[in-house]
1. Which condition number does R15 fail, the rest of (1) part of a loop (DSSP other than H, G, I, E, B); (2) touching a Cys at 6+ places or on another chain (Cβ under 8 Å) being met?
2. Out of curiosity, is K173 part of a helix (DSSP H, G or I), among the basic types (K, R) and in contact with a strand residue (DSSP E or B) (Cβ under 7 Å, 6 or more places away or on another chain)?
3. Being modelled with pLDDT under 95 and exposed (fewer than 11 other Cβ atoms within 10 Å of the Cβ) is the filter here; which residues of the range 17-31 pass it?
4. Given (1) modelled with pLDDT of 95 or more; (2) out of contact with any Asp or Glu (no Cβ under 8 Å at 6 or more places or on another chain), where does W48 come up short, assuming only one miss?
5. Any idea which of L151, L110 is touching a residue at least 12 places away in the same chain (Cβ under 8 Å), farther than 30 Å from E7 by Cβ, touching a strand residue (DSSP E or B) at 6+ places or on another chain (Cβ under 8 Å) and not β-branched (V, I, T)?
6. Does V161 satisfy being surrounded by 18 or more Cβ atoms within 10 Å (Cβ to Cβ), touching a helix residue (DSSP H, G or I) at 6+ places or on another chain (Cβ under 6 Å), touching a residue at least 12 places away in the same chain (Cβ under 8 Å) and in the same structural domain as E36 (by TED's automatic domain parsing)?
7. On the given criteria, is Y123 touching a helix residue (DSSP H, G or I) at 6+ places or on another chain (Cβ under 6 Å) and either hydroxyl-bearing (S, T, Y) or at pLDDT below 95 (or both)?
8. Can we say E178 is closer than 24 Å to V4 by Cβ and acidic (D, E)?
Amino acid sequence: MKLVERELGLEIELRENTASVIVLEDVVGRLPFVEELYSQVMGKEGNWLLVEDEKNYELGKKVEMILEPFSLELNNKKVKAKLYQDIKEIAQDYCFKQGLELHSRICNYLESLLERIPYPVKYEEEWNILELLKAYGVELVEECDSICEKLFTYIKLVNQVCGISIFITVNLKQYLTENQILELYKLAKYSKIQLVLIEFNMSDKKMECEDVFILDKDRCIITY
C-alpha cells in the first residue's frame, strides 16, 4: 500500500515492519501539510491518495491521525460507535431471546410505574439495544498511568475495535524517548500496524526499521 501526496510528488511505500518518517524542514509548509492531511482523514477531499493494487481508498476509513497524545480519548465517537455496533451484532446473533425477555420485563416495570402517574405518559415500546448501552454507560475501560501507556493502548484499541491499521502521528518523537519509540515500533510489528511519523526536526540518528523522507526548505524530497 502507498500513501501519496500528488502536488509534492511524495510517494511512501508502507512496508511491513517499517515505520515511515516524514521530516518537514520547510517551516512555512508545515501547517498546510499537516492541515490538509488531517482534513482528508476527517473525510474531506485533497491531494493525498491511499493506493493499493491500483485501487484508491478513503483515508478516513483506513487511517487514524494523532495530532498530539495528551487529549486522546479511548471512548471517542468513532470507537464507541464501532463498539456498540459489535455488541448489537452479538445481541442479535447470540442473545436475541434474552433481549426480548428483558424488554418485556422493562415494559412491565414501566407500566407499573406509569399507572401511578395521574397524567398521560408514553414511552418507546420498540426494543433498542443501543439505547440500553447508552443508558448504562457501556464503554471501554480506561486504566492508563502515563501518556505513553495511554497512546499505546489507544493505538491497540482503535486497531482492534475499528480495524484501522495505519496510524499517522505528529511530532511524536518530541514526547517519547528513543526506547519508547522502539517499543511503539514493536507494538506495530506484532499488531501488523503501519506507522507514519510526521516530524518537524530530524532525529540524531535513523533507526534500522525506519524509512525517512525529508521535505527540505526548497520543497525537494530526500529519501534514505
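1. (2)
2. Against the criterion (part of a helix (DSSP H, G or I), among the basic types (K, R) and in contact with a strand residue (DSSP E or B) (Cβ under 7 Å, 6 or more places away or on another chain)), K173 qualifies.
3. V27, V28, listed by residue number.
4. So W48 meets the others, but not (2).
5. L151
6. Yes: the conditions hold for V161.
7. yes
8. So E178 does not fit the description; no.
The values are calculated or read from the model by the stated rules, or taken from the named source; none is laboratory data. Since this is a predicted model, take the numbers as computed values, not measurements. Positions of Cβ are generated from backbone atoms using ideal geometry, with glycine treated the same way; all protein chains shown enter the neighbour counts.
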